[in-house]
Amino acid sequence: MKSLEDLKKMREEALKKVEMREGGKKYRVVVGMATCGIAAGARPVLNKLVEETAKNNYDCVVTQTGCIGMCVYEPIVEVYDNQGGHTTYVHVNAEKAEKILEEHIGKGKVVEEYTVDAAKNR
Amino acid sequence: MSVERVNVLVCAGTGCTSNNSALVYEKFGESLKKFGLENEVKVIKTGCFGLCQKGPIVAVYPDKVFYCHVKPEDVEEIVSEHLYKGRVVTRLELSEEDMVTKEKILDIDKIKFYEKQQRIALRNCGKINPEDIDEYIAVDGYEALGKVLTTMKPQEVIDEMKKSGLRGRGGAGFPTGMKWQFCANTPGNEKYIICNADEGDPGAFMDRSILEGDPNCVLEGMAIAAYAIGAHYGYIYIRAEYPIAVQRLQIAIKEAEGLGLLGKNIFGTGFDFDLEIRLGAGAFVCGEETALMMSIEGKRGMPNPKPPFPAVSGVWGKPTVINNVETLANVPQIMLKGADWYNKIGTEKSKGTKVFALGGKITNTGLVEIPMGTTLREIIYEIGGGCPNNKEFKAVQTGGPSGGCLTEAQLDTPIDYDNLIAAGSMMGSGGMIVLDEDNCMVDVARFYMDFICDESCGKCSPCRIGTKRLLEMLTKITKGEGTMDMLDEMEKLCHEIKDTALCGLGQTAPNPILSTLKYFRNEYEAHIIEKRCPAGVCKALLKYSINPDKCRKCSMCARNCPVGCISGVPGKEAYKIDTSKCIKCGTCMASCRFGAVERH
């Protein structure tokens, strides 16, 4: 390391290691990971979310929770924003997960067709 | 780059390590493999969280869940339930009941223990991996050094330091900026910076925890200090009894050298700085700066008269600055955020925060960092949770063997250097030992005097002989052989030692006696006049007997007595203690299930 620039570069790279401990993200993406969720395929969804978030530096943390109570709709992904907003996506797969990140987290637009309301009315 | 979705932080400070946290760490590795999660979850060893009482502590991020008292056998449950299925293991979760609403508080920032704290020196302890310099850099590490080297002149650094109002955290509270100024003013191109990590007060472990949790911030602080005073070489003097801290320092030094943050031409500015670790053998006197320098030079650790002060003639006869670990840990933050940020924290004459090691009869034994001006009551009751088992608070000992005991009446004193001295104790390095009704103050004074006698280097007679005489008198009093004249004699001798001893160790050694004589004279008198130890600690003054009305004649006491001094007939005759043979071990009292054994 020979300059402040080098240090800055190193810090940006290193930040990925610790940032999940810092908090302060706009969104919290929560995957239902109880037995029902795992059986329905929540694990590839979770992995996809984590991967894509890191790759694209989305402003969110990805975390997991237990059974949400609507096992029939698993895998479920819930998105909470820091204003108290809350969206529930159902029957999520890896592909849909990618889109949710892109649209909802990236652009702030709820992907209506994947939400629990859309599924109920279907 | 692999992407983890969860960070599991396992405390690897000395407290948790002695509670088997190393095995907990290993078990996480095994369990994660078993569940196929080893690529999704990263397990990290980190520094002290401060809540040593509840250790081993494990923190799970980003969920921000804290588990306490985690045993190796609990790990699999955490992995299978929490990390695999997302269900928090509530049985292990750290929580606190709200005193008013009775609701369970789980948010770590709202728990009383943390709520009142402000962490500057400890900011990264329990947050980062101390053995990975990347993580330190990620939390703005070495940025202060970069800023100082590239944008500030040495004198500007010193001025900033003076403005911040930081005072030495080793105990005496000398303004750090002034110390740097004196050394910078001394001509010469060979100067040294020393980090004093010879923490020796019984019950104090602040410096150890900083070095274990965030070694890089001390290195950075040293480099900044070196630049300010014009030094190019530094020593960290640390006791060999701190193996974890030594090891993490070694790793940090190696990593920093590897990145060019130590060594030649740092940040391309032409500034060179190297340092090495010097291990001490754990002599208390080597925390005194002149003795410490003797020890670094390879001589017997004995103090020298001052002046000359180290800033003029220090190690190897060259101008030297010696700063305490916690002082240095504050330096990078002050340089980064500015003196005006720092000097708004604290009281008028004592700026910033202070780390205290809470110990003794207190619910939350551990490490806390509070802004100066916080009262003793807030620390002991709100953060520390008061005395356990509903015992009554008696006193708090601050400043270790150089400090004194303060009572209930002084609990509302806002903590700063001057207030504590005015109250008859001192800040010291930050040990805070809480004593309850079961502690005998004469015995406490005797304990510290015993410690001082052991640790006195013997160079000057007031300390070598005087403290020995004090110990003899105290021992006599605890045995019931004291006289009232002794109290005056002790007091006189205490003042003589204070006035004539060579170094800080001797000059402050009488403090525990003077403060207990001042606040707890009645306990001394009870020992001397009534031949009674009110707290029931001094063995020679105790007497055990069995209350025949309460005795159920079960023979339990007689069977447990190691010297066979209890006689009776099971089921028929109440038991009796032959006091001439009794060694006052208390085993009978502990073994009686009916409370029939009484101690007077």
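The values are calculated or read from the model by the stated rules, or taken from the named source; none is laboratory data. Keep in mind it's a predicted model, so treat the numbers as computed, not measured. We place every Cβ from the backbone using ideal geometry, glycine too, and count neighbours over all the protein chains shown.
Between A:90, A:30, the distinction of being of a type in the set (Val, Ile, Thr) and facing chain B (nearest Cβ under 10 Å) belongs to A:30 only.
As a summary of the residue check, residue B:522 satisfies the conditions (1) surrounded by 14 or more Cβ atoms within 10 Å (Cβ to Cβ); (2) within 23 Å of residue B:422 (Cα to Cα) except for the one numbered (1).
Residues in region B:128-177 that are of a type in the set (Lys, Arg), in contact with a Phe, Trp or Tyr (Cβ under 9 Å, 6 or more places away or on another chain) and either under 23 Å from residue B:205 (Cα atoms) or within 14 Å of chain A (Cβ to nearest Cβ) (or both): 1 in all. Among strands (runs of 3 or more DSSP E) entirely within region B:365-419, having at least 1 residues that are within 18 Å of the chain's Cα centre (by Cα) and closer than 22 Å to residue B:522 by Cα singles out B:393-398, B:404-407.
One residue alone among B:424, B:428 is at pLDDT below 90, under 15 Å from residue B:173 (Cβ atoms) and either touching a strand residue (DSSP E or B) at 6+ places or on another chain (Cβ under 9 Å) or not in a helix (DSSP H, G or I) (or both), and that residue is B:428.
Restricting attention to region B:93-103, report how many residues are part of a strand (DSSP E or B) and touching a residue at least 24 places away in the same chain (Cβ under 8 Å). If you could, list the steps in order and put the result at the bottom.
The initial filter retains those residues of region B:93-103 that are part of a strand (DSSP E or B), namely B:93, B:96-97.
From the residues that got through so far, the ones that are touching a residue at least 24 places away in the same chain (Cβ under 8 Å) too are B:93.
Going through region B:93-103 one residue at a time, the tally reaches 1.
Where residues in region B:70-92 are free of Cβ contacts under 8 Å to residues at least 12 places away in the same chain and within 14 Å of another protein chain (Cβ to nearest Cβ), which of them is surrounded by the fewest Cβ atoms within 10 Å (Cβ to Cβ)? Here the answer is B:90.
Among the numbered conditions (1) in contact with a strand residue (DSSP E or B) (Cβ under 7 Å, 6 or more places away or on another chain); (2) surrounded by fewer than 22 Cβ atoms within 10 Å (Cβ to Cβ); (3) not in a loop (DSSP other than H, G, I, E, B); (4) not aromatic (Phe, Trp, Tyr), the only one that residue B:59 does not meet is (2).
Checking the stated criteria, residue A:5 turns out not to satisfy the condition of being part of a helix (DSSP H, G or I), out of contact with any Asp or Glu (no Cβ under 6 Å at 6 or more places or on another chain) and either facing chain B (nearest Cβ under 7 Å) or surrounded by 19 or more Cβ atoms within 10 Å (Cβ to Cβ) (or both). Out of B:520, B:594, one residue alone is in the same structural domain as residue B:479 (by TED's automatic domain parsing) and at pLDDT 90 or above. It is B:520. Any idea which of B:79, B:70 is outside the structural domain of residue B:375 (by TED's automatic domain parsing) and either closer than 27 Å to residue B:414 by Cα or out of contact with any Phe, Trp or Tyr (no Cβ under 7 Å at 6 or more places or on another chain) (or both)? Being outside the structural domain of residue B:375 (by TED's automatic domain parsing) and either closer than 27 Å to residue B:414 by Cα or out of contact with any Phe, Trp or Tyr (no Cβ under 7 Å at 6 or more places or on another chain) (or both) holds for just one of B:79, B:70, which is B:70.
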